[in-house]
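The values are calculated or read from the model by the stated rules, or taken from the named source; none is laboratory data. Owing to the predicted nature of the structure, the values given are computational and were not obtained by experimental measurement. Heads up, the Cβs are rebuilt from the backbone with ideal geometry, glycines too, and the neighbour counts pull from every protein chain shown.
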Amino acid sequence: MEQELDSVEPACSASPKQPVSAPKLVATLGELNSDAAKTVYRKQLASRELRLIKIHPGAEPSVVKCSSFSVHDGDLPDYEALSYVWGSQNEPKTILLDEVTWHVTSNLHSALSRLRLSESFRVVWADAVAINQTHIEERNEQVKMMSDVYANATSTLIWLGEATDDLISLTFELLKSYSELTETDRLVWRTGFTTQNTSVKRGILSMMNRIFKLEYWKRIWVVQEILFSDKALLMYGQHTLGYDEFFACMREICAVFAKSPKDVEAIPQSSVDPETYLLATLAHSTNLMIDEVIPARGAARNGKHLSLRQWRSAQLKRSTDRRDKVFGYYSCFHPSIRQQIQVDYSKTLPEVINSMMRLLIQEEGLDMLLGPRMGYDPKYGIPSWVWSLMEPTTVSSRTLGTISAIEDKNPGDWCAGGSLPSVLDFTEDGTVLHVRGKTVATIEATAPSFSSPPRNVGNELFVLDKPTADLDFKIWMAHFRLAWQSFNLLSEYPSTLGFIAAFWLEPRGPTLSELASWLHADGSGSLQNCQAEYNPHLIDNLMSIHFHRSMFYFMPATMKPSPNPEVRYIQGHIHGECGLGPEDVAPGDKLCVLRGCTVPVVLRQEGDQYILLGEAYVPRTMRGEAVRAVEAGEEEYEDFWIR
């Protein structure tokens with residue numbers, strides 16, 4: 001169930017409980033249907049009732065005719081549930097619903113047209129029509145029933161859109177043909193596939209990957225709709241194939257080159273020819289996409305629930321109404337979690353997000369503070385300890401630039417806040433988080449952050465832009481050292497200076513694979529001649545961290561800094577230590593460790609409270625060094641009130 005929401009209104013002191021206002025596009029579509037809604041929604045749904053849509057028989061170019069009827073969920077007829085993207089609402093199209101003209105998005109119109117049978121009725125459930133989107137109480141109740149809607153349907157029809165991409169159409173045709181083969185013929189096909197020239201094999205693997213780029217897979221609602229489905233059918237224009245068959249066949253073809261996601265990482269690139277390694281990497285990438293992007297059909301029917309930690313990692317999926325980043329997963333949670341979540345579209349976005357983040361932190365601990373942040377602004381009514389569900393729905397590289405997002409780094413290696421569990425609570429209004437921890441230092445100076453990531457990420461030339469190249473050489477050297485050290489790739493950096501010099505002075509920019517190999521070899525050998533054995537995902541995350549963090553300098557908290565800013569800056573460079581922190585870190589901010597939090601954080605004091613700027617990487621504090629005296633009873637924890 002999607003509702004358009006393009007912006008967030010600042011919190012208003014005169015009326016703090018006002019719902020988030022709908023933008024012009026939704027209001028326009030609602031206005032177009034306002035008179036028709038009096039007919040279609042003349043009967044309000046009772047508790048546990050659904051509104052189903054009967055698509056009348058017909059064919060192009062005749063108008064799509066539908067009728068609606070309500071039924072209790074204990075007396076349901078056979079019906080199919082439609083899973084789709086609302087799509088743009090700028091150019092709505094019309095259908096005839098209950099004998100009145102009804103406006104829908106063009107994508108829904110296309111789906112209904114494709115679903116229409118020539119000689120018989122077809123009963124479906126489609127949220128944009130089946131739910132009165134302007135009736136808050138009905139919307140709240142129906143969202144709670146979404147899991148039952150898809151679980152009780154005879155099939156879930158996954159509408160991926162009209163067939164506008166020829167390569168995706170070819171993928172459907174290829175996998176459909178493959179699915180119809182016997183096991184013996186499939187083996188023969190795969191054997192023949194290995195004898196094809198490299199360009200054909202690479203083309204097929206790349207072609208199959210294109211389906212993951214479709215907007216459908218980026219939707220939040222996809223997760224629960226598929227998790228609760230008994231059967232599912234993929235539809236792309238005129239192409240159809242069973243959900244399970246589609247991805248099972250894709251896996252079988254990929255297995256020709258990489259039998260499991262771990263296989264490609266076990267292949268030293270230098271031990272095979274580049275084309276073989278490329279094919280293994282493409283197959284590995286496809287397997288990863290199936291594992292990470294494609295929900296397991298019917299998993300929730302077998303008692304598998306979405307954990308709060310999994311919910312946290314799922315926030316990069318899109319929702320046009322950002323309250324659906326909570327409500328869209330409601331049915332996926334364990335009943336013990338669901339009973340703590342109130343689905344209520346009359347609540348503002350800050351109310352919904354704050355409540356969910358409190359639950360997340362209370363259940364999972366202070367590591368849940370770590371994540372993509374927006375610049376704190378109190379006018380939005382969202383505390384600084386709430387990571388950014390308010391970011392634009394497009395994922396920026398800054399989102400990936402959080403240290404806690406490094407999948408290749410085992411969080412168990414870090415325990416900056418010590419071995420004791422978190423101690424936390426909230427003020428009565430739920431806006432201020434109280435935690436205990438220790439101040440490591442006051443930040444004395446900062447270096448400029450890099451202006452932009454490299455223009456090419458992957459095994460491509462790594463070219464500096466002009467503002468980056470103008471940075472002080474020593475800053476470059478220290479920043480590189482910290483960035484690579486934060487990945488625990490090397491224990492020592494004896495050749496950092498040589499590495500930076502070679503990196504900067506080569507007549508052509510080195511490739512990322514060469515950079516990785518150079519560091520792994522401790523700077524020995526020629527940078528131009530090195531062959532790489534590296535994880536591209538690791539490199540991509542590293543570069544995000546490298547170009548979206550600021551380096552800061554500090555002295556131990558026991559040292560008294562000079563009041564002269566220039567002296568403090570020099571002291572920070574010469575006598576202090578350094579670390580990587582949020583882009584907006586500034587002199588005077590506090591470097592702290594919080595009890596039970598695995599990495600240090602940067603706090604900014606405002607009166608008797610603090611603003612959380614984000615996480616940090618600081619050598620010699622990542623394994624509890626700063627709190628050993630406290631845990632031994634020699635010092636006391638400090639109290640921090642974070643708003």
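For residue 68, the criteria (1) of a type outside the set (D, E, K, R); (2) farther than 26 Å from residue 319 by Cα; (3) not in a strand (DSSP E or B) hold in every case but one, which is (3). Taken together, the residues in the range 316-336 that are among the hydrophobic types (A, V, I, L, M, F, W, C), part of a helix (DSSP H, G or I) and surrounded by fewer than 19 Cβ atoms within 10 Å (Cβ to Cβ) amount to 0. Only one of the numbered conditions (1) of a type outside the set (A, V, I, L, M); (2) within 17 Å of residue 285 (Cβ to Cβ); (3) surrounded by 17 or more Cβ atoms within 10 Å (Cβ to Cβ) is not met by residue 225, and that is (2).
Within the range 249-296, being assigned to a loop (DSSP other than H, G, I, E, B) and either farther than 19 Å from residue 204 by Cα or at pLDDT 70 or above (or both) holds for 255, 256, 257, 262, 263, 267, 268, 272, 273, 294, 295, 296. Candidates are the residues of the range 116-160 that are of a type in the set (S, T, N, Q), at pLDDT below 95 and outside any helix (DSSP H, G or I); the one that is surrounded by the fewest Cβ atoms within 10 Å (Cβ to Cβ) is 118. Among the residues making up the range 590-610, those that are in contact (Cβ under 8 Å) with a residue 60 or more places away in the chain, surrounded by fewer than 24 Cβ atoms within 10 Å (Cβ to Cβ) and more than 15 Å from residue 366 (Cα to Cα) are 590, 609.
Taking the residues in the range 303-315 that are under 14 Å from the mean Cα position of the chain (by Cα) and assigned to a loop (DSSP other than H, G, I, E, B) as candidates, determine which candidate is farthest from residue 353 (Cα to Cα). By that ranking, first place goes to 314.
Among the candidates 199, 179, the residue that is in contact with a Leu (Cβ under 8 Å, 6 or more places away or on another chain), farther than 29 Å from residue 315 by Cα and of a type in the set (Ser, Thr, Tyr) is uniquely 179. Contact annotation: residue pairs with Cβ atoms under 6 Å, 6 or more positions apart or on different chains, pairing a residue in the range 628-639 that is surrounded by 10 or more Cβ atoms within 10 Å (Cβ to Cβ) with a partner that is assigned to a helix (DSSP H, G or I), are 635/629; 637/630. For the range 194-220, name all the residues that are out of contact with any helix residue (DSSP H, G or I) (no Cβ under 7 Å at 6 or more places or on another chain) and within 16 Å of residue 127 (Cβ to Cβ). Passing the criteria: only 219. Residues of the range 91-106 include none that is under 30 Å from residue 209 (Cβ atoms), in contact (Cβ under 8 Å) with a residue 60 or more places away in the chain and small (Gly, Ala, Ser). Considering each residue of the range 92-105 in turn, at least one proves to be modelled with pLDDT under 95, buried (at least 17 other Cβ atoms within 10 Å of the Cβ) and touching a Gly at 6+ places or on another chain (Cβ under 7 Å). Part of a strand (DSSP E or B) and either modelled with pLDDT under 60 or under 30 Å from residue 381 (Cα atoms) (or both): is that true of residue 639 in this structure? For residue 639, the condition - part of a strand (DSSP E or B) and either modelled with pLDDT under 60 or under 30 Å from residue 381 (Cα atoms) (or both) - is met.
The lone criterion from (1) modelled with pLDDT of 90 or more; (2) touching a strand residue (DSSP E or B) at 6+ places or on another chain (Cβ under 9 Å); (3) assigned to a loop (DSSP other than H, G, I, E, B); (4) not β-branched (Val, Ile, Thr) left unmet by residue 376 is number (1).
Condition check ((1) aliphatic (A, V, I, L, M); (2) at pLDDT 90 or above; (3) touching an Asp or Glu at 6+ places or on another chain (Cβ under 8 Å); (4) on the phi > 0 side of the Ramachandran plot) across all residues:
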site	(1), (2), (3), (4)
581	no, no, yes, no
609	no, yes, no, no
619	no, no, yes, no
625	no, no, no, no
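Taking the range 418-460 on its own, how many of its residues are surrounded by fewer than 16 Cβ atoms within 10 Å (Cβ to Cβ) and at pLDDT 65 or above? So the answer is 11. May I ask you to list the residues in the range 197-248 that are part of a loop (DSSP other than H, G, I, E, B) and either in the same structural domain as residue 327 (by TED's automatic domain parsing) or closer than 14 Å to residue 296 by Cα (or both)? Scanning the range 197-248 gives 228, 229, 230, 231. May I ask you to verify whether residue 177 is part of a helix (DSSP H, G or I), small (Gly, Ala, Ser) and within 20 Å of residue 252 (Cβ to Cβ)? Spelling it out, residue 177 is indeed part of a helix (DSSP H, G or I), small (Gly, Ala, Ser) and within 20 Å of residue 252 (Cβ to Cβ). Does the range 175-190 contain at least one residue that is loosely packed, with under 11 Cβ neighbours inside 10 Å, in contact (Cβ under 8 Å) with a residue 24 or more places away in the chain and out of contact with any His (no Cβ under 6 Å at 6 or more places or on another chain)? No, the range 175-190 contains no residue that is loosely packed, with under 11 Cβ neighbours inside 10 Å, in contact (Cβ under 8 Å) with a residue 24 or more places away in the chain and out of contact with any His (no Cβ under 6 Å at 6 or more places or on another chain). Taking the listed residues 43, 54, the one that is charged (D, E, K, R), in contact with a Ser or Thr (Cβ under 8 Å, 6 or more places away or on another chain) and part of a strand (DSSP E or B) is 54, with no other qualifying. When residue 364 is tested against (1) of a type in the set (D, E, K, R); (2) modelled with pLDDT of 85 or more; (3) more than 27 Å from residue 579 (Cα to Cα), just one condition goes unmet, and that condition is (3).
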